[in-house]
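Q: Pasting a structure below so you can have a look.
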Amino acid sequence: MDAALRNPFRPGAGHPPPYLAGREDETREFARMLEQQPVLTNLVLTGLRGVGKTVLLETFKPVAIVNRWLWAGPTYRSLPA
């Protein structure tokens, strides 16, 4: 199959797809919210299982860190056996 016609969706818990499309507005809105002084508005990310919430949060992480926010969340590393 031609690479241009392949579906980029790759189901898997928190695994990023080859290309994350259509999330620029959400990322800009998240970055805007990080600039609040004082913080009066928050963000709630909801959705059905498998729609990409974890992947979107992982794209928010570097945005938060660059804006000098502490990122607290799961680290998806394997624990020693």
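Q: When the solvent-accessible surface of protein heavy atoms is calculated with a 1.4 angstrom probe, in what order do T27, T46, T41 fall, highest first?
A: T46, T41, T27
Q: Ok, one more. Taking the Kirkwood radius as the inverse of the mean 1/r across Cα pairs, report the Rg/Rh of region 16-66.
A: 0.98
The values are calculated or read from the model by the stated rules, or taken from the named source; none is laboratory data. Only a predicted model underlies this, so the values are computations on that prediction, with no experimental measurement involved. Accessible surface is based on the protein model in full, side chains and every heavy atom, while ligands, DNA and RNA are left aside. Shrake-Rupley method; radii C 1.70, N 1.55, O 1.52, S 1.80 Å.
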